[in-house]
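Asker: Below is one structure. I have some questions about it.
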Amino acid sequence: MSIQTASLQTSDKPLGRDDLARLVARDIKPGSFVNLGIGQPTLVSNYLEPEQNITLHTENGMLGMGPVAEGDQIDGDLINAGKIPVTELPGASYFHHADSFAIMRGGHLDICVLGAFQVSATGDLANWHTGAPDAIPAVGGAMDLATGAKDVFVMMTLLTRDGASKIVDACTYPLTGVGCVTRVYTDKAVFLTGPDGVQVRETFGCTLEELQALVPVPLTAAPAVER
Amino acid sequence: MLTFIDTVGEAVAGIKDGSTVMIGGFGNAGQPFELIDALLDGGATDLTVVNNNAGQGDQGLALLIKEGRVRKMICSFPRQSDSWHFDAKYKAGEIELELVPQGNLAERIRAAGAGIGGFFTPTGYGTMLAEGKETRIIDGRGQVFETPIHADVALIKALKADGKGNLVYRKTARNFGPIMAAAAKHTIVQVSEIVPTGGLDPENVVTPGIYVNSIVKVA
């Protein structure tokens with residue numbers, strides 16, 4: 001066990017947001033069609049290499065989205081799902097909302113990367129609503145993304161500000177999707193979720209035993225082929 | 001029948017109290033501000049509005065909500081950093097909200113325009129937004145039955161129209177325009193430019209004129 005866990009640790013300290021974004025970017029297969037959610041997942045675009053030939057989708061109706069617009073590039077008719085002005089790359093295309101969500105729901109997107117409040121051991125996702133009685137609910141495309149993409153990656157800190165694990169046995173926040181998350185990238189480890197439970201691909205600044213002490217679901221080391 | 005109208009006020013004059021009005025736009029992109037302002041001036045009230053959001057800042061749909069003209073919002077993402085008018089009405093219990101996942105919203109609008117009586121979708125299955133709805137397992141996946149959203153009127157924004165009412169849009173401002181144009185009984189379009197019939201390449205027409213009733217050019 002100690003040999004195995006030692007081999008899982010790939011960094012001697014927890015990963016920062018940018019290092020984590022760089023890792024997610026590296027894990028996206030060349031030629032993929034990808035949707036990056038609002039917030040932390042947007043950082044991933046900073047680390048995609050041109051030779052990866054990744055096409056970014058934005059659910060408000062575009063494939064081939066380029067970087068955030070600056071200065072003279074800003075055009076109110078060209079925004080991303082976070083309503084931030086963006087640019088178009090050569091080969092971009094525009095389409096209406098029903099087509100955009102058909103792209104998603106129809107299984108044509110390879111990966112979406114989302115933030116989360118909680119992920120369950122079986123890959124249930126909670127990321128749209130705290131469930132607080134006075135909160136105004138707003139779902140946007142979160143449920144469509146969670147359900148539609150072939151792979152759903154989550155990026156989040158492992159622990160809440162209060163130190164509670166966001167990987168949980170069962171989500172206590174309202175669900176976004178059932179059994180949809182395939183990988184969870186956190187500051188302390190990368191987790192693979194699915195019907196076989198939670199596997200750990202690599203850890204950052206902790207051993208598997210130390211990680212297990214933080215997470216209330218059984219963790220196993222992922223097979224070497226997944227690393 | 002297609003009519004070209006000189007002013008936004010005349011274009012929206014027929015909208016009655018209690019109407020269901022689809023308003024195009026995703027955030028401010030594609031939002032037909034001039035038509036909404038005219039609707040505000042026209043005084044129609046007790047409206048059900050279908051839009052992705054529930055207004056931003058102090059303009060357009062946000063003002064319609066502020067002035068108490070909207071009885072119910074059907075939308076996917078009402079809460080934003082600048083949605084204060086909706087937030088206040090909602091917290092005061094003065095506006096009804098039907099929250100719909102964005103892709104279900106789009107497909108329900110599309111279904112209305114396409115004459116579809118409903119559809120099963122995996123989006124929302126197992127969540128609180130599917131509570132009370134019929135579900136089935138189809139192809140091994142849980143799916144939720146969703147029904148079309150019809151409207152009396154659609155207010156949308158396009159870049160250009162030709163003499164037949166064919167439309168082209170601009171970039172991500174296209175968003176809900178094409179599906180709302182098809183879903184409403186009466187579709188009113190504000191455009192930046194009207195070109196002669198034949199002035200749009202038929203291969204590039206996005207919304208065919210059959211879906212369009214009124215066109216008004218705004219500066």
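The values are calculated or read from the model by the stated rules, or taken from the named source; none is laboratory data. What you see is a predicted model; the values in this text were computed from it and never measured. Using ideal geometry, Cβ is built from the backbone for each residue, glycine included, and neighbour counts are taken over all protein chains shown. For accessibility, only protein heavy atoms count, side chains too; no ligands or nucleic acids. Shrake-Rupley method; radii C 1.70, N 1.55, O 1.52, S 1.80 Å.
Asker: Which one is surrounded by the most Cβ atoms within 10 Å (Cβ to Cβ), of the residues in region B:185-217 that are in a strand (DSSP E or B) and of a type in the set (S, T, N, Q)?
Answerer: Residue satisfying both the conditions and the ranking: B:Thr187.
Asker: Within region A:76-101, count every residue that is without any contact (Cβ under 8 Å) to a residue 24 or more places away in the chain and facing chain B (nearest Cβ under 7 Å).
Answerer: 6
Asker: Select, from B:Lys164, B:Lys133, B:Lys171, the only residue that is charged (D, E, K, R), open to solvent by 60 Å² or more (accessible area, probe 1.4 Å) and touching a residue at least 40 places away in the same chain (Cβ under 8 Å).
Answerer: Checking each option against the conditions leaves just B:Lys164.
Asker: Looking for whichever is over 15 Å from the mean Cα position of the chain (by Cα) and in contact (Cβ under 8 Å) with a residue 60 or more places away in the chain here; the options are B:Ala88, B:Ala114, B:Ala92, B:Ala106. Which one fits?
Answerer: It is B:Ala114.
Asker: On to the next question. Out of curiosity, is B:Ala154 touching a Ser or Thr at 6+ places or on another chain (Cβ under 6 Å), under 20 Å from A:His96 (Cα atoms), at pLDDT 95 or above and in a strand (DSSP E or B)?
Answerer: yes
Asker: Which number in (1) closer than 24 Å to A:Asp75 by Cα; (2) free of Cβ contacts under 8 Å to residues at least 60 places away in the same chain; (3) open to solvent by less than 10 Å² (accessible area, probe 1.4 Å) marks the one condition that B:Leu35 misses?
Answerer: Looking at each condition in turn, B:Leu35 falls short on (2).
Asker: Just checking, which of A:Met104, A:Met65 is more than 8 Å from every other protein chain (Cβ to nearest Cβ), under 21 Å from B:Asn53 (Cβ atoms), of a type in the set (A, V, I, L, M, F, W, C) and not in a loop (DSSP other than H, G, I, E, B)? If you could, list the steps in order and put the result at the bottom.
Answerer: Details: A:Met104 fails: more than 8 Å from every other protein chain (Cβ to nearest Cβ).
Checking each option against the conditions leaves just A:Met65.
Asker: Now for a separate question. Quick one: would you say B:Phe26 is open to solvent by less than 40 Å² (accessible area, probe 1.4 Å) and aromatic (Phe, Trp, Tyr)? Spell out how you get there, then give the answer.
Answerer: Working: open to solvent by less than 40 Å² (accessible area, probe 1.4 Å): yes; aromatic (Phe, Trp, Tyr): yes.
It is true that B:Phe26 is open to solvent by less than 40 Å² (accessible area, probe 1.4 Å) and aromatic (Phe, Trp, Tyr).
Asker: Hey, another quick one. Consider region A:184-198. How many of its residues are without any contact (Cβ under 8 Å) to a residue 40 or more places away in the chain and either within 14 Å of chain B (Cβ to nearest Cβ) or open to solvent by 40 Å² or more (accessible area, probe 1.4 Å) (or both)?
Answerer: Residues that pass the stated criteria total 1.
Asker: Please go through region A:128-182 and give me each residue that is open to solvent by 10 Å² or more (accessible area, probe 1.4 Å), within 11 Å of chain B (Cβ to nearest Cβ) and either of a type in the set (S, T, N, Q) or under 12 Å from the mean Cα position of the chain (by Cα) (or both), ordered by number.
Answerer: Within region A:128-182, A:Ala142, A:Thr147, A:Cys180 meet the criteria.
Asker: Based on this model, can you work out whether A:Leu114 counts as of a type in the set (A, V, I, L, M, F, W, C), more than 7 Å from chain B (Cβ to nearest Cβ), open to solvent by 20 Å² or more (accessible area, probe 1.4 Å) and touching a Gly at 6+ places or on another chain (Cβ under 7 Å)?
Answerer: no
Asker: Which count do you get for residues in region B:121-148 that are at negative phi and within 11 Å of chain A (Cβ to nearest Cβ)? If you could, list the steps in order and put the result at the bottom.
Answerer: Filtering region B:121-148 down to residues at negative phi leaves B:121-123, B:125, B:127-131, B:133-138, B:141-148.
Then keep just the ones that are within 11 Å of chain A (Cβ to nearest Cβ); that gives B:121-123, B:125, B:127-131, B:141-144.
Counting residues in region B:121-148 that are at negative phi and within 11 Å of chain A (Cβ to nearest Cβ) gives 13.
Asker: Looking only at region B:150-161, count every residue that is away from chain A (no Cβ under 12 Å) and either crowded, with 17+ Cβ neighbours inside 10 Å or in contact with a His (Cβ under 6 Å, 6 or more places away or on another chain) (or both) and tell me the total. First the steps, then the outcome.
Answerer: Within region B:150-161, the first condition is being away from chain A (no Cβ under 12 Å), and the residues that meet it are B:150-155, B:160-161.
Going one step further and asking which of them are either crowded, with 17+ Cβ neighbours inside 10 Å or in contact with a His (Cβ under 6 Å, 6 or more places away or on another chain) (or both), we end up with B:151-155, B:160-161.
The qualifying residues number 7.
This table checks each residue for (1) of a type in the set (Ser, Thr, Tyr); (2) within 14 Å of chain A (Cβ to nearest Cβ).
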residue: B:Gly24; (1), (2): no, yes
residue: B:Leu35; (1), (2): no, no
residue: B:Ala38; (1), (2): no, no
residue: B:Thr45; (1), (2): yes, no
residue: B:Val50; (1), (2): no, yes
residue: B:Leu63; (1), (2): no, no
residue: B:Lys66; (1), (2): no, no
residue: B:Arg71; (1), (2): no, no
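Asker: Quick one: is A:Pro90 open to solvent by 50 Å² or more (accessible area, probe 1.4 Å), assigned to a strand (DSSP E or B) and either in contact with an Asp or Glu (Cβ under 7 Å, 6 or more places away or on another chain) or not charged (D, E, K, R) (or both)?
Answerer: yes
Asker: Then there is this: For the structure I just gave you, tell me whether A:Ala164 is touching a Lys or Arg at 6+ places or on another chain (Cβ under 8 Å) and over 30 Å from B:Glu96 (Cα atoms).
Answerer: no
Asker: Given the condition modelled with pLDDT of 95 or more, surrounded by fewer than 24 Cβ atoms within 10 Å (Cβ to Cβ) and among the β-branched types (Val, Ile, Thr), answer yes or no: does some residue in region B:59-66 qualify?
Answerer: Checked against the condition, which is being modelled with pLDDT of 95 or more, surrounded by fewer than 24 Cβ atoms within 10 Å (Cβ to Cβ) and among the β-branched types (Val, Ile, Thr), region B:59-66 yields no hits at all.
Asker: Counting only residues that are at pLDDT below 95, surrounded by fewer than 21 Cβ atoms within 10 Å (Cβ to Cβ) and not small (Gly, Ala, Ser), how many does region A:26-42 have?
Answerer: Within region A:26-42, residues that are at pLDDT below 95, surrounded by fewer than 21 Cβ atoms within 10 Å (Cβ to Cβ) and not small (Gly, Ala, Ser) number 2.
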